[in-house]
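Below is one structure, written out as structure tokens, with a few remarks after it.
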């Protein structure tokens, strides 16, 4: 018979000792272990978003550098690519900051 894993909520066998999706020890399930797993998942999500934000800033700076230190002519392909990279990096950064804020809000409300 299938049951839900308490950590990842995916279907596993009720006879399984360990969830084959997330590695959670189902038989040794207790509130403290589940809480520890949830905190680790939130921490890893937060770290992933921080890393993505850093990469987005680097992308923005690369586009900015291409635009001003490469001195491309306005309307050239290099200038268009530089602007595109800048805009994509900036938008990606803003999206990640909103996702980080929502993750922090869920920490208090969810």
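The values are calculated or read from the model by the stated rules, or taken from the named source; none is laboratory data. Predicted, not measured: the structure shown is a model, and the values here were computed from it. Virtual Cβ from ideal backbone geometry, glycine too; neighbours counted across all protein chains shown.
Tabulated data
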| quantity | calculated |
| --- | --- |
| Close pairs (9 angstrom Cβ cut-off, 6 or more residues apart or separate chains): modelled with pLDDT under 85 in region 41-53, outside any helix (DSSP H, G or I) anywhere | 41/7; 41/8; 41/22 |
| Hits in region 1-52 (condition: surrounded by fewer than 11 Cβ atoms within 10 Å (Cβ to Cβ) and assigned to a helix (DSSP H, G or I)) | 31, 32, 35, 43, 44, 47 |
| Sole exception among (1) surrounded by 12 or more Cβ atoms within 10 Å (Cβ to Cβ); (2) over 28 Å from residue 95 (Cα atoms); (3) in contact with a helix residue (DSSP H, G or I) (Cβ under 7 Å, 6 or more places away or on another chain) for residue 57, by number | (2) |
| Count - residues of region 48-99 that are at positive phi and within 18 Å of the chain's Cα centre (by Cα) | 0 |
| Within region 66-90, tally of residues that are touching a residue at least 12 places away in the same chain (Cβ under 8 Å) and not in a loop (DSSP other than H, G, I, E, B) | 14 |
